[in-house]
């Protein structure tokens, strides 16, 4: 996963960030305050990339709120992070939506007859599975087993198996079929012991917290993609692209003003449920529960600032 260094990228200016956020005067008071108050105090501008960072390799143009509005959108491994914990942390990001954990499936069975879909990665010497076969199975499962298709926005598979999208690729963290509302995401490389997971033994507390934080970041990031939100280049943000786990670890577990407004727009008729103070409060409580100290400090500071301005 390498390419030439993209020397053409320059971080957006204040004017470009303001343009990306768009006209805020028609917004409800809650979302307007959340995307305008104390921005310089709480959100760091997107930095000049280092060689090897995501935007130094990939030509990201950025997606403004206005462009987003025009986008057509579809409405047990021993060291695996807890799926229940991932869902608990993810719920506040999607007000008005319900997250349901479906029964476990063994995709190794249905890929056995498609031998070209399985391979041993030449670098890690570990088995890998082709994403298209898994997504195809999830599509069939969604059509066959879900009785109220209009009620279901997305069907998302998560796995601790390593995956790849095409023969020329080393690996991929995840892949989505946005038009079908289907995604498959792998947490295998989020484990610090990868590729020697089988012999690593139980997680330490530090590893458990790191893996859970990475898994939540990947899951929420990729689900937000399914709403039509592209990678962010305006601030340090949950929706920044990441080429490596190290780059991922440097990114926050919160949405910048531009992406927060996009999710507000994506909530459609559920805007009545989109209460930023409530969202931040719930996430803050979850940060405390999962011992995400840096994230807890950010959310508490943001809440204090927003509540202070409201009181005045």
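Throughout, read-outs are computed from the coordinates displayed, never taken from laboratory work. The shown structure was predicted, so the numbers you read here are calculated from the model rather than taken from an experiment. Because the Cβ atoms are built from the backbone with ideal geometry, glycine has one as well, and the counts that use them run over all protein chains shown.
Things to note:
- Contact order normalised by residue count of region 181-309, Cα under 8 Å, 6+ apart, percent: 17
- Pairwise label distance in nanometres, residue 297 with residue 205, each label 7 Å out on the Cα-Cβ vector: 1.8
- Pair residue 105, residue 140: separation of 7 Å Cα→Cβ label points (nm): 0.8
- Mean residue ellipticity (222 nm) of the chain, computed from DSSP H runs ≥ 4 via -39,500 (n - 2.57), nearest 500: -12000 deg cm²/dmol
- Shown for 244, 159: other C-beta atoms within 10 Å of each C-beta, ranked fewest to most, produce the order 244, 159.
- Exposure proxy ranking for 64, 36, based on other Cβ atoms within 10 angstrom of each Cβ and starting from the fewest, stands as 36, 64.
- From the coordinates shown, volume of the Cα convex hull per residue in Å³ corresponds to which of (1) 154; (2) 130; (3) 140: (3)
- Residue order, fewest to most beta carbons within 10 Å, for 24, 216: 24, 216
- Cβ-Cβ distance of residue 273 and residue 120, R₀ of 45 Å, FRET efficiency by 1/(1 + (r/R0)^6): the value works out to about 0.45.
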